[in-house]
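Novice: Below: one structure in structure tokens.
The values are calculated or read from the model by the stated rules, or taken from the named source; none is laboratory data. As the structure is a prediction and not an experimental result, all values here were calculated from the model. Here Cβ is always computed from backbone atoms with ideal geometry, including for glycine, and neighbour counts include all displayed protein chains. In case anyone asks, the SASA skips ligands and DNA or RNA and just uses the protein heavy atoms, side chains included. Shrake-Rupley method; radii C 1.70, N 1.55, O 1.52, S 1.80 Å.
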Amino acid sequence: MADRVTVIGWDGSPLTATARAALGAATLVAGAAHHLALPEVPAGAERIRLGSVALAARRIAAHRGTAVVLADGDPGFFGVVRTVRAPEFGLEVEVVPAVSSVAAAFARAGMPWDDAQVVVAHRRTLRRAVNVCRAHTKVAVLTSPGAGPAELGLLLEGVHRSFVICEELGTAHERVSVVTSDKAADRTWRDPNVVIVLGGPAGTAGETGAWIAGRDPSAGPRGWSLPAEAYGGDLGEGETQLLRASQLARLGPRVGDLVWDIGCGSGAFAVEAARAGAAVIAVDRDRAACARTDAAARRFGVQLQIVHGTAPHVMENLPEPDVVRVGGGGAAVVSAVADRRPQRIVTHAATRDAAELVGRDLTEHGYGVECALLQSVELDTRAWTEKERSVAFLLSGVLPRRSP
């Protein structure tokens with residue numbers, strides 16, 4: 001096992017005295033090509049060019065001597081420290097940090113970043129990273145080959161965003177560009193790069209400043225499934241407060257998800273899914289419903305993509321959803337949604353026959369189906385008399401072959 005392992009972050013500035021001392025004593029140095037070319041790397045040290053960090057950690061664990069791992073930026077922030085410290089390697093690690101590439105990117109842009117979401121995009125996580133960019137007004141994306149600015153721009157089709165693209169930060173080839181998301185695919189971008197994605201109304205931290213990094217979970221009114229008055233009153237039968245609460249509970253929208261709300265009506269469900277941090281596409285054939293949904297989104301300060309059109313035809317060009325609420329359109333729309341294989345689907349029916357039809361179709365598509373008869377009675381507490389009664393069949397489908 002290596003006697004000592006030091007992970008050194010490098011942001012293009014001169015190495016600190018601590019970093020130079022550790023590097024000067026190293027008998028093994030691991031890093032990218034530009035790290036291994038640094039003049040401070042001892043001529044007689046064994047050199048490992050980093051590809052797989054896990055493979056490098058195994059070689060370091062078998063090394064007799066002092067090892068150094070060089071990495072860009074802060075190696076403890078989405079960096080190599082997590083892998084090197086894995087229990088399987090048994091390494092004791094010291095870390096010498098540098099300015100993270102995210103902090104450097106926002107510094108180049110002259111912007112604060114305590115209110116930003118930070119995501120990592122590679123081929124496996126690209127879609128979820130894009131969903132965060134849809135849902136939030138300020139996002140820093142740590143990209144990778146095949147999941148860079150061009151791919152982000154292509155997957156954000158229909159959603160306007162501005163990109164601040166920072167290439168090769170800290171090197172002589174550093175370049176910062178500002179483009180709109182629809183133009184990002186028109187150029188070739190150098191790796192490594194960080195993309196700051198901006199769009200929508202900017203949030204405010206108030207007079208005392210921000211108190212938590214990223215999205216403020218206390219923004220907006222307290223509570224879920226807000227009463228009809230919060231959305232202008234007179235909601236449709238598929239948007240009653242308790243039914244909406246049950247729909248949200250069945251779907252569990254979360255950060256990184258893309259939610260379809262088919263038949264968005266007043267926008268109550270779409271807004272509350274967005275308040276949970278999910279990206280939402282709200283669809284309705286009624287222009288007035290689209291306008292109400294847009295107004296509700298603005299009132300609550302959430303990001304929605306609103307699409308006017310008739311389901312199921314309008315769904316053909318929408319990006320793949322994670323969970324879907326069908327507020328209108330019946331069995332035909334539910335069937336078309338199931339063809340797209342979201343993890344979860346929720347809808348409601350007014351009659352048992354309609355509920356059985358939807359349930360059979362979901363079962364035929366391979367979904368596990370649950371159905372509950374929901375009855376709610378609103379009471380006037382001044383006289384304890386009934387004000388309004390609502391009855392609906394709530395149906396939910398879960399695709400067993402995908403993780404929930």
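Novice: Would you pick out the residues in region 139-152 that are open to solvent by 20 Å² or more (accessible area, probe 1.4 Å) and either within 16 Å of F77 (Cβ to Cβ) or under 12 Å from the mean Cα position of the chain (by Cα) (or both)?
Specialist: If the condition is that a residue be open to solvent by 20 Å² or more (accessible area, probe 1.4 Å) and either within 16 Å of F77 (Cβ to Cβ) or under 12 Å from the mean Cα position of the chain (by Cα) (or both), then L142, T143, S144 are the ones that fit.
Novice: Related question: Can you find even one residue in region 215-227 that is open to solvent by 20 Å² or more (accessible area, probe 1.4 Å), out of contact with any strand residue (DSSP E or B) (no Cβ under 9 Å at 6 or more places or on another chain) and under 24 Å from F163 (Cα atoms)?
Specialist: We begin by selecting, within region 215-227, every residue open to solvent by 20 Å² or more (accessible area, probe 1.4 Å); these are 215-224, 227.
So of that shortlist, the ones also out of contact with any strand residue (DSSP E or B) (no Cβ under 9 Å at 6 or more places or on another chain) come out as 216-224, 227.
Filter again for under 24 Å from F163 (Cα atoms), leaving 216.
The answer is yes, given that some residue of region 215-227 is open to solvent by 20 Å² or more (accessible area, probe 1.4 Å), out of contact with any strand residue (DSSP E or B) (no Cβ under 9 Å at 6 or more places or on another chain) and under 24 Å from F163 (Cα atoms).
Novice: Which of (1) in contact with a helix residue (DSSP H, G or I) (Cβ under 7 Å, 6 or more places away or on another chain); (2) loosely packed, with under 14 Cβ neighbours inside 10 Å does L155 not meet, given it meets every other one?
Specialist: Looking at each condition in turn, L155 falls short on (2).
Novice: Can you tell me how many residues in region 281-321 are among the aliphatic types (A, V, I, L, M) and either in a helix (DSSP H, G or I) or touching an Asp or Glu at 6+ places or on another chain (Cβ under 6 Å) (or both)?
Specialist: Let us first name the residues in region 281-321 that are among the aliphatic types (A, V, I, L, M), namely 281-283, 288-289, 291, 295-297, 302, 304, 306-307, 311, 314-315, 318.
Next cut, either in a helix (DSSP H, G or I) or touching an Asp or Glu at 6+ places or on another chain (Cβ under 6 Å) (or both) only: 282, 288-289, 291, 295-297, 306, 314-315.
Residues in region 281-321 being among the aliphatic types (A, V, I, L, M) and either in a helix (DSSP H, G or I) or touching an Asp or Glu at 6+ places or on another chain (Cβ under 6 Å) (or both): 10 in total.
Novice: If you go through region 326-344 one residue at a time, how many are assigned to a helix (DSSP H, G or I) and open to solvent by 10 Å² or more (accessible area, probe 1.4 Å)?
Specialist: 6
Novice: Looking only at region 228-270, which residues are open to solvent by 60 Å² or more (accessible area, probe 1.4 Å), of a type outside the set (G, A, S), farther than 20 Å from Q343 by Cβ and in a loop (DSSP other than H, G, I, E, B)?
Specialist: Filtering region 228-270 for residues open to solvent by 60 Å² or more (accessible area, probe 1.4 Å) gives 229, 232, 234, 237, 241-242, 249-250, 254-255.
Filter again for of a type outside the set (G, A, S), leaving 229, 234, 237, 241-242, 250, 254-255.
If we keep only those that are farther than 20 Å from Q343 by Cβ as well, we get 229, 234, 237, 241-242.
Result: D234, single match.
Novice: Answer yes or no: is there a residue in region 164-173 that is acidic (D, E), farther than 21 Å from D216 by Cβ and either touching a helix residue (DSSP H, G or I) at 6+ places or on another chain (Cβ under 8 Å) or crowded, with 22+ Cβ neighbours inside 10 Å (or both).
Specialist: So the first thing to find is which residues in region 164-173 are acidic (D, E), and the list is 167-168.
Still in the list and also farther than 21 Å from D216 by Cβ: 167-168.
Pick out the ones that are also either touching a helix residue (DSSP H, G or I) at 6+ places or on another chain (Cβ under 8 Å) or crowded, with 22+ Cβ neighbours inside 10 Å (or both) and you get none.
No, the conditions are met nowhere in region 164-173.
Conditions (1) in contact with a strand residue (DSSP E or B) (Cβ under 6 Å, 6 or more places away or on another chain); (2) without any contact (Cβ under 8 Å) to a residue 40 or more places away in the chain, marked per residue:
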site	(1), (2)
P97	yes, no
D114	no, no
R124	no, yes
V141	yes, no
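Novice: A follow-up question, please. Being open to solvent by 70 Å² or more (accessible area, probe 1.4 Å), free of Cβ contacts under 8 Å to residues at least 24 places away in the same chain and over 22 Å from A274 (Cβ atoms), is that true of even one residue in region 345-358?
Specialist: Yes: one or more hits.
Novice: A follow-up question, please. Restricting attention to region 297-305, does a residue exist that is of a type in the set (F, W, Y), open to solvent by 10 Å² or more (accessible area, probe 1.4 Å) and within 21 Å of the chain's Cα centre (by Cα)?
Specialist: Going through region 297-305, the residues of a type in the set (F, W, Y) turn out to be 300.
Those left that are additionally open to solvent by 10 Å² or more (accessible area, probe 1.4 Å): 300.
So of that shortlist, the ones also within 21 Å of the chain's Cα centre (by Cα) come out as 300.
So far as region 297-305 goes, yes, one or more of its residues are of a type in the set (F, W, Y), open to solvent by 10 Å² or more (accessible area, probe 1.4 Å) and within 21 Å of the chain's Cα centre (by Cα).
Novice: Within region 92-132, restricting attention to residues that are hydroxyl-bearing (S, T, Y) and crowded, with 21+ Cβ neighbours inside 10 Å, which residue is farthest from L142 (Cα to Cα)?
Specialist: Going residue by residue through region 92-132, those that are hydroxyl-bearing (S, T, Y) are 100-101, 125.
Add one more test, that the residue is crowded, with 21+ Cβ neighbours inside 10 Å, and what stays is 100-101.
On the way: S100: 11, S101: 8 Å.
Applying the filter and picking the extreme gives S100.
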